[in-house]
Each structure stands twice: as structure tokens, then as C-alpha cells.
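The structure under discussion appears below in the form of C-alpha cells.
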Amino acid sequence: MRNILILLLVPILVSCQALNATTSVIAGSSACNSSEKEQSFPPEGAIKKIDLSLTISYETSEVSFSETAVCEYQGSMCGGGAWFQVWYGDQSISHNITLPQGDELIFKPHSFCITIDEYVKQCKSGNCDHADSFKLLMMFSEARRSSTVVVGLDWTKGKSQDRALVKANDFKNYGYQVKHFSIEVADESL
């Protein structure tokens with residue numbers, strides 16, 4: 001009798017989970033459909049350019065770098081009831097800048113491009129700080145890796161950190177002075 005009751009309840013429980021999941025998808029889709037007319041989407045293939053220029057110094061050494069990320073609008077998608085613009089850059093491009101202490105700064109234009117949607121949303125809310133929105137990858141030198149051991153990640157030993165995503169204000173944490181850091185975002189038509 002007990003086995004028969006379980007066999008009868010299993011399809012009901014499974015169908016309740018499927019109904020709950022379907023309801024969530026339909027609700028998210030409805031939110032997307034109702035807000036689509038309120039959205040302004042760039043034309044397919046629209047181009048934005050992000051100009052990066054920086055000068056970093058350490059003691060008497062100085063490194064300057066200037067480059068542009070060219071980003072193409074690929075379309076928009078809606079997830080969880082919110083719209084997201086999809087911007088891509090050339091993923092094969094990577095610029096490596098060796099810093100005075102042996103650390104290496106990596107600028108990949110594509111990583112700046114995929115941040116455009118978040119940046120535009122921050123600007124709409126009144127927080128439009130370029131230097132706070134876009135990050136660069138810093139690969140630590142061997143000397144810095146050995147001095148930045150994170151204890152507690154591995155029960156047998158500490159684990160050294162080999163990289164960090166850095167904003168303009170983060171360079172001082174690694175002993176560098178930023179004399180010039182500029183990021184400008186513009187449409188190609190401007």
C-alpha cells in the first residue's frame with residue numbers, strides 16, 4: 001500500500017516542479033516583452049570606442065601606454081526580466097605592458113567591450129566613473145607572488161595569488177603611482 005502511494009505521488013511532485021519552473025520562465029518572458037518597447041537599442045553593428053591612456057611610475061621608472069578598444073554591438077538579450085546589451089571586441093588582441101617592479105599589465109580590448117552595458121547602466125543611475133568601471137588584469141611578478149600567499153585556501157599550504165583585476169585607484173596598493181589614467185567612451189559617429 002505504501003509503495004502504491006509513493007508511485008502515485010511521484011508524478012504529482014514532478015509536475016509541480018515543472019509547473020513552478022514554467023511559471024518562472026513565463027513571468028521573466030512577460031517582463032521582457034512588456035519592457036521591450038521602453039528600451040532603446042543601438043543599431044546592429046554600431047561601434048563604440050574606448051580610449052585608454054595611462055602612465056604608471058615606480059621610483060624613477062615610468063611606463064606609458066595608450067590604446068583603443070573598438071567594440072561592436074551584437075544585439076540585446078533579456079534575462080531575469082532585465083535587458084542586457086551585448087558588445088564584443090576582437091578577442092585575439094592582447095597588449096602586455098611590463099611594469100617597473102616586474103608585474104605585467106594586460107589590456108584586452110574585448111574585456112572592456114563586454115563591460116559597456118554595465119557602464120551605461122551605472123551612468124544612467126548617475127555614477128559615471130570611467131576609471132571605476134573598467135579594469136585591467138595585473139599578472140604579479142615572481143617576487144610579488146611569493147609575498148602574497150593566501151593562507152587557508154589549501155589545508156596543506158598557502159596558495160599564492162598570481163593576478164588581480166585592477167582599477168585606477170588600485171595601483172597604489174601595489175606600490176605604483178599613477179600620473180595619468182584616462183578612459184573615454186565614445187560612439188564612432190561622435
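The values are calculated or read from the model by the stated rules, or taken from the named source; none is laboratory data. Predicted, not measured: the structure shown is a model, and the values here were computed from it. Because the Cβ atoms are built from the backbone with ideal geometry, glycine has one as well, and the counts that use them run over all protein chains shown. All accessible areas refer to the heavy atoms of the entire protein, side chains included, with ligands and DNA or RNA removed. Shrake-Rupley method; radii C 1.70, N 1.55, O 1.52, S 1.80 Å.
In terms of distances greater than 25 angstrom between alpha carbons, the cross-link table entries 135/172; 124/172; 108/179; 121/172 yield 124/172; 121/172.
Over the range 43-175, accessible surface divided per residue gives 56 Å², non-protein components excluded, 1.4 Å probe.
At a Förster distance of 30 Å, what's the computed FRET efficiency of residue 170 paired with residue 33, Cβ-Cβ distance as r, to 0.05?
With a Förster radius of 30 Å, E is 0.15.
Within the assembled protein chains, the solvent-accessible surface assigned to residue 180 is about 80 Å², based on a 1.4 Å probe. Placing a label point 7 Å from the Cα of residue 93 along the Cα-to-Cβ direction, the residues of the range 109-151 whose backbone N falls under 18 Å from that point are 109-117, 134-137.
Here the spin labels are modelled as points 7 Å beyond Cα on the Cα-Cβ line, and at residue 132 and residue 187 they lie 2.6 nm apart. Relative to the current alpha-carbon distance between residue 162 and residue 53, full extension at 0.36 nm per residue lengthens the span by 36.8 nm. The calculated FRET efficiency for residue 101 paired with residue 123, based on their beta-carbon distance and R0 = 30 Å, is about 0.30.
Each of 41, 181 has its accessible area taken with a 1.4 Å probe; listed largest first, they run 41, 181.
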